[in-house]
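Heads up, the thing below is written out as structure tokens.
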Amino acid sequence: MSEKVLLIDDEKDFIEALSERMESRGMKVSSTVSPKEGLEIVDKETFDAIILDLKMPEMNGLEVLKIIKEKNPDLQIILLTGHATVEKGIEAMKLGAMDLLEKPIDIATLTDKIKKAQARKMILVEKKTEEKIRKIITSKSW
Amino acid sequence: MSKTENTHIKLVQHENEFSHLRQTLNFRRIWVVFVLITSGFAIVPVVFFALIDYNVTKYSVEHEAVLRTSRLASNTWRSVSFFLNQRKSALVFTTLENSFTDLTDPEKLSRILKNLQKGFGDFTDIGVINDKGVQVAYEGPHDLKGKDYSGQEWFHNVLAEGIYISDVFLGFRDLPHLAIAIKHHLPDGSFYVLRATLEHQLNSMLSQEENADGRDIFLINTKGFLQTPSRYFGSVLDKISIPVPEFAAHTNAMEVRLSQADVLIVAYAHIPETRFILMAAQPKNMLMAPWRKSRKDLTLYLSISITFILIWIVIAVSYMVKRLKISDQKRLGYLHMLEYSNKLATIGRLAAGIAHEINNPLAIINEKAGLVKDLFTFKPEYKSDPKLIQIVDAITDSVARCSRITRRLLSFARHMDVSIQSINLKEVIREVLSFMEKEAEYRSIIVDIQVPDDIPEFDTDRGKLQQILLNIVNNAFAALSDGGRLELKAEILNNDSVRIICSDNGCGIPESDIDHIFEPFYSTKAKTGAGTGLGLSITYGLVKELGGEIDVSSKVNQGTSFAITLPLKFEGDTKAHPNLKKEGKPDESVAG
């Protein structure tokens, strides 16, 4: 099953190269340079993982993370940063990010993380489905 | 770019802020001013009171001297007056006891003289002079009967005043005599004069009083001729060298200057019914002798106390100025440290900014290169060309190296903040040495790290420890020649501290310099412009901040060894450093 990934970063070159590489590894990649556009896309579609840059001119990565998590807490978000600090990392984790990677990233590591994210999401979705089924089973009686 | 400019401006501002604080005080001047002012305030009152005391005592002693002389004069004056009065009374008694006829009878007169001589002993002759001035009767050693005194001055005086006491004259045998004449009125209205000559004993009487040293008591007449011998003014009938004082019924005193050094205090009084003036003179020097002695004591005491005060002031001010100097130097030291750490912080911020900015393009290069590699890997037509893959791998390797550098810069910048955390010494040493790896490789310097694994993790400030080690290792590298050897050892001391020894076999430190190397601005590199002279002083300050000690031992041309002892338990006063916070988690928690 191919992973569905959304890339949000203000560096166009970075996004283009990375999305092409990920696609060549069999992932389905959507990308945008605007965090606002990214939020709109998140509204319409669902993804296995969202790769989000921490520092963007339009909007802070942490804010975007907050908004996405409010809308859909199941979404797995991996943050990218050029400047990792303890505080930022802790804050991001508290807000529900799955991981925080330092730029420049190793494609293998990223792929690995995305796979993990997908797996997690699968578990979450399965759980939800299970609950739904249980609900249906308990509420509707044949 | 604008960020860099901002920090630069900030840096310049900092330097301006500090420049006015950097002026040192002129301690020699302060010392002189303090000594002068303090001595002034301490000595002036002492001298002032000493002077007052001096003047008061001088005045009272002088007063006392005058009083003593006056008392002497008046005592003697009483004796002399009594003596003359007695003789006069004897004559008055004679005129009252005997009639004129009896007195003119030579036999009776002779008996009266004899009785007077028996009673008083000093009468030499006696004569009766009638109202015409002719001596009608005379008894005595000379033949003066019938002598006419009517033209003589004393006779007129007797007529006018009823009594006359003559000046002293030298009679026969050259003894001093004086004559007393009294006028006696007869019942019929006529009168006669009884005149007697005395071989007076005034000399012996006065000299009896002259028992003390330097006293001189004498009589002068109103014309200034001595009537009795004087110690200072000559013998009988000499004229005295000082002007005759004006009439004074009571004792008066004056000062007489005989020469530059000799001053006499002279008290005098006129003796009533005579033309005698009694004078008592005492040398002032002798009267003032006790005072002079006490003045000497006072001066001695004063000079001793002033000396002590001055010594004390000099010692106290020297001590104070020394402390001032030390604290000023400390202040300067702290200032330089502050300045230095400010600079470091600025550099840290700069480094962080640059590292962050560089990381983004690096990420792009990384991805593009990765993409190229992907293309080659996935497309079979390029797959057979290993050279291309090699080139792409070289690019990604370089990117990885760059990212290591930026990560190190970031970690350096992060450690600018003070924080206590648990550290692994070996790790820190390796981190620090990684900065120097390239240089060591270039100069083929062997770096030998001997850190045993049993050294526990201990709490300290990682950034500061890194800086300390970096400074020491940097110094060692500066001292080493190419192909040298640097050894880093660590050991546990007494279970409560760890000692890190960094020894090199470089040029060493001369003995004359070794005591100064931790002083700010002491640099052997400064002459060539290579060093600020701050490195080791900052290192020293940092080690102290971590509660440790730093020692150095060195031999010229054999090498230098720095030993840093750090406590295993950090006991720094966290309150003293407001920006000091305990941070339990090591930074590595987010590094993945």
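Taking B:S70 as the residue in question, decide whether it is over 30 Å from B:G162 (Cα atoms) and either of a type outside the set (D, E) or touching a strand residue (DSSP E or B) at 6+ places or on another chain (Cβ under 6 Å) (or both).
yes
Taking A:D99, is it under 15 Å from the mean Cα position of the chain (by Cα), within 14 Å of chain B (Cβ to nearest Cβ) and either surrounded by fewer than 20 Cβ atoms within 10 Å (Cβ to Cβ) or over 24 Å from A:E37 (Cα atoms) (or both)?
When the stated conditions are applied, A:D99 does not pass them.
When region B:338-376 is examined, which residues are found to be more than 8 Å from chain A (Cβ to nearest Cβ) and of a type in the set (D, E)?
Across region B:338-376, the qualifying residue is only B:E339.
Considering only residues that are of a type in the set (G, A, S), touching a residue at least 12 places away in the same chain (Cβ under 8 Å) and either within 13 Å of B:S39 (Cβ to Cβ) or open to solvent by 30 Å² or more (accessible area, probe 1.4 Å) (or both), which ones fall in region B:274-302?
Within region B:274-302, B:S294 is the sole residue that qualifies.
Is it fair to say A:L80 is under 30 Å from B:D397 (Cβ atoms), of a type outside the set (V, I, T), part of a strand (DSSP E or B) and within 11 Å of chain B (Cβ to nearest Cβ)?
yes
Okay, residues lined up against (1) closer than 30 Å to A:L54 by Cα; (2) of a type outside the set (A, V, I, L, M, F, W, C):
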position	(1), (2)
B:I309	no, no
B:Y319	no, yes
B:K322	no, yes
B:N342	yes, yes
B:H356	yes, yes
B:E367	yes, yes
B:V372	yes, no
B:L388	no, no
B:I391	no, no
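Among the residues of region B:87-108, how many are farther than 16 Å from B:I180 by Cβ and touching a strand residue (DSSP E or B) at 6+ places or on another chain (Cβ under 8 Å)?
4
Only one residue in B:R499, B:R443 is farther than 23 Å from B:I538 by Cα and open to solvent by 30 Å² or more (accessible area, probe 1.4 Å). Which one?
Result of the check over B:R499, B:R443: B:R443.
Could you check A:V125 against (1) in contact (Cβ under 8 Å) with a residue 24 or more places away in the chain; (2) assigned to a loop (DSSP other than H, G, I, E, B); (3) loosely packed, with under 14 Cβ neighbours inside 10 Å; (4) more than 14 Å from every other protein chain (Cβ to nearest Cβ) and say which number it fails?
Just one mismatch for A:V125, condition (2).
Would you confirm, using the coordinates I've provided, whether B:L335 is out of contact with any Phe, Trp or Tyr (no Cβ under 8 Å at 6 or more places or on another chain), part of a helix (DSSP H, G or I) and of a type in the set (A, V, I, L, M)?
In short, no.
Going by what's in this entry, would B:S305 be described as within 30 Å of B:S74 (Cα to Cα), touching a residue at least 24 places away in the same chain (Cβ under 8 Å), in a helix (DSSP H, G or I) and small (G, A, S)?
no
Within region B:165-189, work out how many residues are crowded, with 17+ Cβ neighbours inside 10 Å and not in a strand (DSSP E or B).
The number of residues fulfilling the criteria is 4.
Which of the strands (runs of 3 or more DSSP E) contained wholly in region B:190-266 include at least 2 residues that are over 49 Å from the mean Cα position of the chain (by Cα), under 29 Å from B:A90 (Cα atoms) and touching a residue at least 60 places away in the same chain (Cβ under 8 Å)?
B:191-198, B:216-221
Can B:S79 be described as closer than 21 Å to B:A248 by Cα, out of contact with any helix residue (DSSP H, G or I) (no Cβ under 9 Å at 6 or more places or on another chain) and assigned by TED's automatic domain parsing to the domain that holds B:I277?
No.
Given B:I472, B:I455, B:I423, B:I445, which one is of a type in the set (A, V, I, L, M, F, W, C), at pLDDT 85 or above and more than 51 Å from the chain's Cα centre (by Cα)?
Among B:I472, B:I455, B:I423, B:I445, only B:I445 is of a type in the set (A, V, I, L, M, F, W, C), at pLDDT 85 or above and more than 51 Å from the chain's Cα centre (by Cα).
The values are calculated or read from the model by the stated rules, or taken from the named source; none is laboratory data. Predicted model only: the values in this text are computed from it and were never measured. Glycine also receives a Cβ, built like all others from the backbone with ideal geometry; neighbour counts cover every protein chain displayed. Surface areas here come from the heavy atoms of the whole protein model, side chains and all, with no ligands, DNA or RNA. Shrake-Rupley method; radii C 1.70, N 1.55, O 1.52, S 1.80 Å.
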